[in-house]
Amino acid sequence: MRLTRDPLYIATVCGVGMGSSLILKMTVEDALRELGIPGRVEHMDLSSVRSARVDVIVAQPLHTEELKGLNALVIPVTNFLDKEGIKRALVTRLREVGWIAE
Amino acid sequence: MVVQRLAARRAVQVENWEEAARAAGALLVELGCATPNYVERMSALVREQGPYMVLAPGLALLHARPEDGGLAPGLAVITLAQPVSFGHPENDPVDLILAFASPNAQDHLDLLARLARALQNGLDLQLRQSESESEMLERLHTALESHVCF
(Lines give C-alpha, C1' and ligand atoms only; values in the text may rest on other atoms or scores of the structure.)
Protein backbone atom coordinates (compact mmCIF):
# COMPACT_ATOMS: atom_id res chain seq x y z
CA MET A 1 0.00 0.00 0.00
CA ARG A 2 1.53 3.33 -1.03
CA LEU A 3 1.07 6.51 0.95
CA THR A 4 1.42 10.15 0.05
CA ARG A 5 3.26 10.55 3.36
CA ASP A 6 6.09 8.08 3.40
CA PRO A 7 7.23 6.93 5.86
CA LEU A 8 4.38 7.57 8.23
CA TYR A 9 5.34 8.71 11.72
CA ILE A 10 2.91 7.29 14.28
CA ALA A 11 2.69 7.89 18.02
CA THR A 12 0.94 5.42 20.29
CA VAL A 13 -0.10 7.28 23.41
CA CYS A 14 -1.16 6.55 26.98
CA GLY A 15 -1.12 8.38 30.29
CA VAL A 16 2.38 7.43 31.42
CA GLY A 17 3.87 6.35 28.09
CA MET A 18 5.44 3.17 29.44
CA GLY A 19 2.92 0.32 29.42
CA SER A 20 -0.29 0.47 27.42
CA SER A 21 1.28 2.62 24.70
CA LEU A 22 4.13 0.13 24.32
CA ILE A 23 1.69 -2.77 23.93
CA LEU A 24 -0.20 -0.68 21.35
CA LYS A 25 3.05 0.15 19.54
CA MET A 26 3.74 -3.54 18.99
CA THR A 27 0.24 -4.15 17.61
CA VAL A 28 0.37 -1.09 15.35
CA GLU A 29 3.80 -2.14 14.02
CA ASP A 30 2.43 -5.58 13.18
CA ALA A 31 -0.61 -4.00 11.52
CA LEU A 32 1.59 -1.70 9.39
CA ARG A 33 3.83 -4.58 8.37
CA GLU A 34 0.88 -6.66 7.23
CA LEU A 35 -0.61 -3.71 5.34
CA GLY A 36 2.74 -3.00 3.70
CA ILE A 37 2.72 0.58 4.98
CA PRO A 38 6.18 1.98 5.76
CA GLY A 39 6.03 3.69 9.12
CA ARG A 40 7.90 4.52 12.29
CA VAL A 41 6.04 3.99 15.56
CA GLU A 42 7.00 5.49 18.91
CA HIS A 43 5.20 5.19 22.22
CA MET A 44 4.86 8.26 24.43
CA ASP A 45 2.75 9.93 27.09
CA LEU A 46 -0.03 12.46 26.64
CA SER A 47 2.09 15.53 27.28
CA SER A 48 5.02 14.45 25.06
CA VAL A 49 2.80 13.89 22.07
CA ARG A 50 1.61 17.49 22.21
CA SER A 51 5.07 18.70 21.19
CA ALA A 52 5.96 15.78 18.90
CA ARG A 53 5.66 16.27 15.15
CA VAL A 54 3.80 13.11 14.26
CA ASP A 55 1.45 12.27 11.39
CA VAL A 56 -0.83 9.92 13.29
CA ILE A 57 -1.79 9.44 16.94
CA VAL A 58 -3.34 6.17 18.11
CA ALA A 59 -4.77 5.94 21.65
CA GLN A 60 -7.79 5.05 23.77
CA PRO A 61 -10.90 7.19 23.07
CA LEU A 62 -10.45 8.60 26.59
CA HIS A 63 -7.20 10.18 25.39
CA THR A 64 -8.00 10.96 21.75
CA GLU A 65 -10.78 13.28 22.95
CA GLU A 66 -8.11 15.38 24.66
CA LEU A 67 -5.86 15.37 21.59
CA LYS A 68 -8.34 16.46 18.97
CA GLY A 69 -6.92 19.96 18.50
CA LEU A 70 -3.49 18.67 17.44
CA ASN A 71 -2.26 18.78 13.88
CA ALA A 72 -2.24 15.00 13.46
CA LEU A 73 -4.61 12.31 12.33
CA VAL A 74 -6.08 10.99 15.57
CA ILE A 75 -7.31 7.39 15.60
CA PRO A 76 -9.16 6.06 18.67
CA VAL A 77 -8.65 2.38 19.46
CA THR A 78 -10.39 0.52 22.28
CA ASN A 79 -8.72 -2.88 22.03
CA PHE A 80 -4.91 -2.60 21.93
CA LEU A 81 -4.50 -6.28 21.04
CA ASP A 82 -6.87 -6.33 18.08
CA LYS A 83 -4.51 -6.21 15.11
CA GLU A 84 -7.26 -6.72 12.52
CA GLY A 85 -9.38 -3.94 14.03
CA ILE A 86 -6.38 -1.61 14.05
CA LYS A 87 -5.63 -2.46 10.40
CA ARG A 88 -9.21 -1.55 9.47
CA ALA A 89 -9.12 1.69 11.48
CA LEU A 90 -5.79 2.72 9.91
CA VAL A 91 -6.90 2.07 6.33
CA THR A 92 -10.27 3.76 6.85
CA ARG A 93 -8.81 6.93 8.36
CA LEU A 94 -5.81 7.15 5.99
CA ARG A 95 -8.18 6.83 3.06
CA GLU A 96 -10.52 9.48 4.49
CA VAL A 97 -7.73 12.05 4.62
CA GLY A 98 -6.40 11.02 1.21
CA TRP A 99 -3.01 9.76 2.37
CA ILE A 100 -3.33 6.45 0.60
CA ALA A 101 -2.11 6.81 -2.99
CA GLU A 102 -4.77 5.09 -5.07
CA MET B 1 16.67 -13.41 27.55
CA VAL B 2 15.28 -15.37 30.46
CA VAL B 3 12.42 -13.73 32.28
CA GLN B 4 12.86 -14.72 35.87
CA ARG B 5 10.73 -12.37 37.90
CA LEU B 6 7.25 -13.66 37.25
CA ALA B 7 4.42 -14.40 39.66
CA ALA B 8 0.88 -15.67 39.19
CA ARG B 9 -2.24 -16.24 41.28
CA ARG B 10 -5.44 -17.84 40.08
CA ALA B 11 -9.08 -17.10 40.95
CA VAL B 12 -8.25 -14.36 43.44
CA GLN B 13 -11.23 -13.14 45.49
CA VAL B 14 -11.62 -9.37 45.38
CA GLU B 15 -14.52 -6.97 45.78
CA ASN B 16 -13.38 -4.19 43.45
CA TRP B 17 -10.59 -3.03 41.14
CA GLU B 18 -8.58 -1.43 43.95
CA GLU B 19 -8.36 -4.75 45.78
CA ALA B 20 -7.39 -6.42 42.52
CA ALA B 21 -4.63 -3.85 41.96
CA ARG B 22 -3.34 -4.37 45.51
CA ALA B 23 -3.34 -8.15 45.08
CA ALA B 24 -1.32 -7.94 41.87
CA GLY B 25 0.94 -5.28 43.37
CA ALA B 26 1.63 -7.41 46.44
CA LEU B 27 3.11 -10.04 44.12
CA LEU B 28 5.48 -7.45 42.65
CA VAL B 29 6.60 -6.60 46.19
CA GLU B 30 7.10 -10.30 47.00
CA LEU B 31 9.19 -10.67 43.86
CA GLY B 32 11.41 -7.81 45.02
CA CYS B 33 10.42 -5.77 41.97
CA ALA B 34 8.58 -2.93 43.68
CA THR B 35 8.09 -1.11 46.96
CA PRO B 36 4.72 -0.80 48.74
CA ASN B 37 4.63 2.82 47.60
CA TYR B 38 4.81 1.65 43.98
CA VAL B 39 1.69 -0.45 44.57
CA GLU B 40 -0.16 2.54 46.03
CA ARG B 41 0.83 4.62 43.03
CA MET B 42 -0.52 1.99 40.62
CA SER B 43 -4.01 2.57 41.99
CA ALA B 44 -3.49 6.32 42.21
CA LEU B 45 -2.67 6.44 38.50
CA VAL B 46 -5.94 4.73 37.62
CA ARG B 47 -7.83 7.21 39.83
CA GLU B 48 -5.96 10.22 38.43
CA GLN B 49 -5.85 9.28 34.76
CA GLY B 50 -8.93 7.14 34.24
CA PRO B 51 -9.22 3.48 33.28
CA TYR B 52 -7.25 3.60 30.02
CA MET B 53 -5.07 0.78 31.36
CA VAL B 54 -7.92 -1.59 30.61
CA LEU B 55 -6.42 -2.04 27.17
CA ALA B 56 -8.49 -4.94 25.85
CA PRO B 57 -11.77 -6.58 26.84
CA GLY B 58 -11.37 -8.00 30.36
CA LEU B 59 -7.67 -7.16 30.63
CA ALA B 60 -5.94 -4.43 32.65
CA LEU B 61 -2.21 -3.65 32.52
CA LEU B 62 -1.30 -1.84 35.74
CA HIS B 63 1.94 -0.12 36.66
CA ALA B 64 3.34 3.02 38.23
CA ARG B 65 6.40 5.10 37.34
CA PRO B 66 9.92 3.78 37.98
CA GLU B 67 10.56 6.60 40.47
CA ASP B 68 7.52 5.49 42.49
CA GLY B 69 9.49 2.48 43.71
CA GLY B 70 10.28 0.25 40.76
CA LEU B 71 13.22 -1.96 41.81
CA ALA B 72 13.57 -4.54 39.04
CA PRO B 73 11.69 -5.56 35.90
CA GLY B 74 9.00 -8.08 36.74
CA LEU B 75 5.49 -9.15 35.90
CA ALA B 76 2.65 -10.32 38.13
CA VAL B 77 -0.51 -11.89 36.73
CA ILE B 78 -3.74 -12.63 38.55
CA THR B 79 -7.06 -13.95 37.37
CA LEU B 80 -10.12 -12.95 39.37
CA ALA B 81 -12.77 -15.26 40.78
CA GLN B 82 -15.35 -12.57 39.98
CA PRO B 83 -14.69 -9.86 37.39
CA VAL B 84 -14.52 -6.26 38.57
CA SER B 85 -15.39 -2.95 36.95
CA PHE B 86 -12.73 -0.29 36.31
CA GLY B 87 -15.22 2.11 34.77
CA HIS B 88 -14.01 1.53 31.20
CA PRO B 89 -16.91 2.14 28.80
CA GLU B 90 -16.13 -0.84 26.55
CA ASN B 91 -13.54 -3.17 28.07
CA ASP B 92 -15.19 -3.83 31.45
CA PRO B 93 -15.64 -6.18 33.25
CA VAL B 94 -12.02 -7.18 33.98
CA ASP B 95 -10.97 -10.67 35.06
CA LEU B 96 -7.27 -10.64 34.14
CA ILE B 97 -4.81 -8.23 35.78
CA LEU B 98 -1.23 -7.85 34.60
CA ALA B 99 1.02 -5.65 36.74
CA PHE B 100 4.61 -4.80 35.96
CA ALA B 101 7.44 -2.87 37.53
CA SER B 102 10.62 -1.42 36.12
CA PRO B 103 13.53 0.42 37.71
CA ASN B 104 13.81 2.83 34.76
CA ALA B 105 12.25 3.71 31.43
CA GLN B 106 14.14 1.00 29.51
CA ASP B 107 14.48 -2.22 31.46
CA HIS B 108 10.87 -3.32 30.95
CA LEU B 109 10.78 -2.69 27.18
CA ASP B 110 11.86 -6.15 26.17
CA LEU B 111 9.51 -7.80 28.68
CA LEU B 112 6.53 -5.75 27.49
CA ALA B 113 7.29 -6.19 23.81
CA ARG B 114 7.32 -9.94 24.35
CA LEU B 115 4.15 -9.69 26.41
CA ALA B 116 2.40 -7.78 23.61
CA ARG B 117 3.22 -10.43 21.02
CA ALA B 118 2.21 -13.21 23.42
CA LEU B 119 -1.13 -11.53 24.16
CA GLN B 120 -1.82 -11.12 20.46
CA ASN B 121 -1.24 -14.85 20.15
CA GLY B 122 -3.73 -15.79 22.83
CA LEU B 123 -1.76 -15.74 26.08
CA ASP B 124 -4.69 -13.98 27.80
CA LEU B 125 -7.00 -16.89 27.00
CA GLN B 126 -4.36 -19.42 28.07
CA LEU B 127 -3.98 -17.65 31.43
CA ARG B 128 -7.75 -17.55 31.98
CA GLN B 129 -8.05 -21.24 31.16
CA SER B 130 -5.12 -22.37 33.32
CA GLU B 131 -6.19 -24.72 36.07
CA SER B 132 -3.33 -24.03 38.45
CA GLU B 133 -0.82 -21.32 39.26
CA SER B 134 2.03 -23.50 38.08
CA GLU B 135 0.28 -23.85 34.73
CA MET B 136 -0.09 -20.05 34.53
CA LEU B 137 3.61 -19.61 35.27
CA GLU B 138 4.61 -22.24 32.75
CA ARG B 139 2.49 -20.60 30.05
CA LEU B 140 3.96 -17.20 30.92
CA HIS B 141 7.52 -18.49 30.75
CA THR B 142 6.91 -20.28 27.47
CA ALA B 143 5.15 -17.32 25.87
CA LEU B 144 7.65 -14.69 27.01
CA GLU B 145 10.72 -16.66 26.07
CA SER B 146 9.56 -17.64 22.60
CA HIS B 147 8.69 -14.19 21.28
CA VAL B 148 11.85 -12.42 20.25
CA CYS B 149 11.06 -8.86 19.35
CA PHE B 150 14.11 -6.61 19.27
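Within the range A:39-96, the set of residues being open to solvent by less than 40 Å² (accessible area, probe 1.4 Å), over 23 Å from residue B:91 (Cα atoms) and within 14 Å of chain B (Cβ to nearest Cβ) comprises A:41, A:49. Once the range A:1-38 is narrowed to residues that are of a type in the set (S, T, N, Q) and either in a helix (DSSP H, G or I) or open to solvent by 20 Å² or more (accessible area, probe 1.4 Å) (or both), the residue that is nearest to residue B:70 (Cα to Cα) is A:20. For the range B:48-78, a tally of residues being of a type outside the set (D, E, K, R), without any contact (Cβ under 8 Å) to a residue 60 or more places away in the chain and surrounded by fewer than 24 Cβ atoms within 10 Å (Cβ to Cβ) returns 7. Just one of the listed residues (B:99, B:76, B:72) is more than 22 Å from residue A:83 (Cβ to Cβ) and in a loop (DSSP other than H, G, I, E, B), and it is B:72.
Comparison of B:29, B:39, B:46 shows that the only residue that is over 26 Å from residue B:139 (Cα atoms) and of a type in the set (A, V, I, L, M) is B:46.
Within the bounds of the range B:21-40, is there any residue that is outside any helix (DSSP H, G or I), among the hydroxyl-bearing types (Ser, Thr, Tyr) and either closer than 28 Å to residue B:132 by Cα or more than 14 Å from chain A (Cβ to nearest Cβ) (or both)? Scanning the range B:21-40 turns up at least one residue that is outside any helix (DSSP H, G or I), among the hydroxyl-bearing types (Ser, Thr, Tyr) and either closer than 28 Å to residue B:132 by Cα or more than 14 Å from chain A (Cβ to nearest Cβ) (or both). Residue-level check: of (1) touching a residue at least 24 places away in the same chain (Cβ under 8 Å); (2) within 9 Å of chain B (Cβ to nearest Cβ), residue A:31 misses just (2). A single entry from B:37, B:121 fulfils the requirement of being in contact with a Gly (Cβ under 7 Å, 6 or more places away or on another chain) and surrounded by fewer than 24 Cβ atoms within 10 Å (Cβ to Cβ): B:37.
The values are calculated or read from the model by the stated rules, or taken from the named source; none is laboratory data. What you are looking at is a predicted structure, and each value in this text was computed from that prediction instead of being measured. Cβ: placed from backbone, ideal geometry, glycine included. Neighbour counts: every protein chain shown. These accessible areas exclude ligands, DNA and RNA; they are computed on the full protein's heavy atoms, side chains included. Shrake-Rupley method; radii C 1.70, N 1.55, O 1.52, S 1.80 Å.
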